[in-house]
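The values are calculated or read from the model by the stated rules, or taken from the named source; none is laboratory data. On a predicted model such as this, the values are computed, not experimentally measured, just so you know. Cβ atoms come from the backbone with ideal geometry, glycine included; neighbour counts cover every protein chain shown. To get the accessible areas, we keep the full protein, side chains included, count just its heavy atoms, and leave off ligands, DNA and RNA. Shrake-Rupley method; radii C 1.70, N 1.55, O 1.52, S 1.80 Å.
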Amino acid sequence: MQTKRMTFSGKWLPYALLAPQVIITLIFFIWPSFQALRQSVYRQGDAFGIRPDTFVWFDNFKALFADPLYLNSLKVTFVFSVGTTLLSMSVALLFAVMVNRMIRSRDSYTTFLVWPYAIAPAIAGVLWWFIFNPSIGIMPYMLDMVGYDWNHRRDGNDAMIMVIIASAWRQISYNFLFFLAGLQSIPHSLIEAAAIDGASRFKRFWTIVFPLLSPITFFLLVINIVYAMFDTFGVIHATTEGGPAQATNILVYKVYRDGFVNLNFGSSAAQSVVLMGIVIVLTVIQFRYIERRVNY
Amino acid sequence: MVENNRWGNFFAHVVLILGVAIIVFPVYVAIIASTHPPGTFVRGVMPLWPGTHAWENYTTAITEGRSRAGTPPIGGMLWNSFIMAMAITIGKLSISILSAFAIVYFRFPFRILFFWIIFLTLMLPVEVRIVPTFQVVADFGMLNSFAGLSIPLIASATATFLFRQFFMTVPEELMEAARVDGAGPMKFFKDILLPLSVTNIAALFVIMFIYGWNQYLWPLLITTDPEYYTIVMGIQRMVTGGDSEPLWHLVMATVVLAALPPVLVILFMQRLFVKGLTETEK
């Protein structure tokens, strides 16, 4: 990794400059992660120290992957992440393509579309929870008119749809900005050339614009999966609390419940380690891709 | 425009106006709900036109909250959120710019190792190490304090990377000139590098402030004392802390107040926000 051609000399100064960042990282990031790794292979002793912690190899992991509740949580997380990612990305792409056609109104539409990013996931959850409230909400009222009986307190699918909408809603802004930036960097001459050759608008989009957007699409795919898996704790915690009947019990919510409410440290630590593995894989994918990022 | 398609443009406007309406709708409903008396929410469907109780609801929320259900007044929570967001933002910016300066402008043993340690923070969000991090903070006696709310969150790989990238584009001649004139590293940092970084700092400030304000899991873990509740996590207490149905008029007034500061930041600093967002993710 590079430095400047010419550097300052100083024996202690660079260490002093790095110290605050590195110390905080070691104390609050690296050390707890080691603890999680350690706890994941131990069975917790009792609180009185009569029975000490015992080393149990991978028992916690075996127990975890034999636990139907955990397998259910994996499945729920998968459906939730895919749903949130697809919904927010497809809506954002539609908006970006439409806004990109505009000349005078482009900035005003952008302003109207970016601000939900500022709203915390927990608040987004509460907002949609209110709209979908089975007794007074507007959506159940409208769905009732077409004969659908909405109740996310009883019906797991309803609850899942609600948390997906709430989580995707604020992420649309983010995806929109990146798609718009991507669309604006596509050379106009390419599109003109295709138009002269007689390609229809629809054909131009699928054969020129969309392939050129693929680096951004892939990048957003990773970012959105990370968002859906790790940043949506607030949506679940403030609204469904994982229910009804575990239908929205995503991994990060489960690891919190098992650690802080059920006080099952061994299992919680094993779940932490699994999550750590997932983040590491996603981060590596993201950075490898960025190295090879196509510039156009 | 390749070809001018009147109907196509009309159609695009229709899609966008509908889209904006759907995007805005939840917040519109919240604002409307926060202006109605509690009786409105007992039965029937939620109102879609403003009511007359805005003033009462907001003053109740700000000064009283739902004290009986253990939720403190919103005023205090807003203040806590502000302190936490500012502490996180300023903390992240200052330690990141210093580490980037060290990494770019010095050659010293273990430089790469330190860089990788900082990089690791990206792979270890709070969610994957919840219990042990809580234990560390508890051991330091930092539960229920602003130090506990902010310090564990201020390590930042993204900010460090952004500053590093920017410093690499600063012309070498500036530093050579400074050295010829006899300026030491800290003088160069303060008088040349910092002024050059102002736009980057401002863009990151916007992003980090929103990040800090919207923290949810972390305050939830380490605050048990209502004195230190922040507004975003406090809403959850308002929703579930009561007996049966939430007091929607107060909840929605709180939601509006909790969302307002970061939304205003985005609306008034849109350019910086977009710059910060697109550059931190590179």
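Share of Cα-Cα pairs in region B:6-67 beyond 16 Å, in percent? If you can, show how the numbers build up before the last one.
Numbers: 1138 of 1891 pairs.
I get 60 percent for the Cα pairs in region B:6-67 exceeding 16 Å.
Kyte-Doolittle cut-off 1.0, length cut-off 20 Å along the helix's own axis using Cα: show which whole DSSP H helices in chain A pass. All intermediate terms of the calculation are to be shown ahead of the outcome.
Details: long enough: A:68-101 (50 Å, 1.28); A:156-184 (41 Å, 0.91); A:210-230 (29 Å, 2.02); A:265-291 (38 Å, 1.39).
Span-like helices, by this rule, are A:68-101, A:210-230, A:265-291.
Using the Cα centre as the reference, give the magnitude of the dipole from point charges on the C-beta atoms of region B:74-280 (Lys, Arg: +1; Asp, Glu: -1; all else neutral), rounded to the nearest 20 debye.
Charge dipole of region B:74-280: 440 debye, to the nearest 20.
Computed over the Cα atoms, what is the radius of gyration of region A:225-274 divided by 2.2 N^0.38 Å, N being its residue count?
1.09
Tell me which residues come under 5 Å, amide H to amide H, from A:Y42 once H is placed; ignore anything under 5 positions away on its chain.
Under 5 Å from the amide H of A:Y42 lie the amide H atoms of A:V56, each far enough along the sequence or on another chain.
Grab the DSSP H runs of chain B that are 4 residues or longer, score each as -39,500 (n - 2.57), total them, divide by all residues and round the 222 nm result to the nearest 500 deg cm²/dmol.
Result for chain B, helices only: -21000 deg cm²/dmol.
Compute from the Cα atoms of the protein assembly as shown the Rg and the Dmax, the latter being the longest Cα-Cα distance, and quote both in angstrom.
Computed over the Cα atoms of the protein assembly as shown, radius of gyration and Dmax are 25.2, 83 Å.
Report, ordered by chain and residue number, the lysines lying within cross-link reach of A:K75, taken as a straight Cα distance under 30 Å and ignoring same-chain residues fewer than 8 apart.
Leaving aside lysines fewer than 8 places away in the same chain, those within reach of A:K75 are A:K62, A:K254.
If the cut-off is a Cα-Cα distance under 21 Å, which lysines reach A:K11, setting aside same-chain residues fewer than 8 apart in sequence?
Candidates past the 8-residue exclusion: B:K187, B:K190.
Would you kindly give the portion of the calculated P(r) for chain A that falls above 35 Å, as a percent of all Cα pairs? Can you show the working numbers first?
Numbers: 16768 of 43660 pairs.
Tail fraction, whole percent: 38.
Could you give the dipole magnitude of region B:1-133 about its Cα centre, charging the beta-carbon of Lys and Arg +1 and that of Asp and Glu -1, in debye to the nearest 20?
Charge dipole of region B:1-133: 360 debye, to the nearest 20.
Can you show me the helix-derived [θ] at 222 nm for chain A, built from DSSP H runs with n ≥ 4 at -39,500 (n - 2.57) apiece and divided by the number of residues, rounded to the nearest 500.
On the way: 14 runs with 194 residues, N = 296.
Result for chain A: -21000 deg cm²/dmol, rounded to the nearest 500.
Helix B:54-63: angle to the longest alpha-carbon principal axis of chain B, degrees 0 to 90, nearest 10?
60
Tilt of helix B:6-33 relative to the longest C-alpha principal axis of chain B, in degrees (0 to 90, nearest 10)?
For B:6-33 against chain B, the angle is about 70 degrees.
Work from the charge dipole of region A:1-157 (Cβ charges, +1 for Lys and Arg, -1 for Asp and Glu, about the Cα centre) and give the residue of A:G147, A:M6, A:F95 farthest towards its positive end.
A:M6
Taking chain B as the reference, fit the longest principal axis to its C-alpha atoms, fit the long axis of helix B:248-268 to the helix C-alpha atoms, and give the angle between the two in degrees, 0 to 90, nearest 10.
30
How many Å² of accessible area per residue for region B:6-67, probe 1.4 Å?
Accessible area per residue: 59 Å².
Please work out the Cα center distance from region A:88-155 to region B:155-215, rounded to the nearest Å.
38
When the Kirkwood radius is taken over all Cα pairs of region A:1-101, what Stokes-Einstein diffusion coefficient follows at 37 °C and 0.692 mPa s, in µm²/s?
166
Just to confirm my numbers, what's the Cα centroid distance between region A:216-261 and region B:80-125 in Å?
27
If N is the number of residues in region B:74-280, what value comes out of its Cα radius of gyration divided by 2.2 N^0.38 Å?
Against the compact-globule rule of thumb, the ratio is 1.20.
For region B:31-47, which residues drop by 20 square angstrom or more in accessible area between the chain on its own and all protein chains together (1.4 Å probe)?
B:F41, B:G44, B:V45, B:M46
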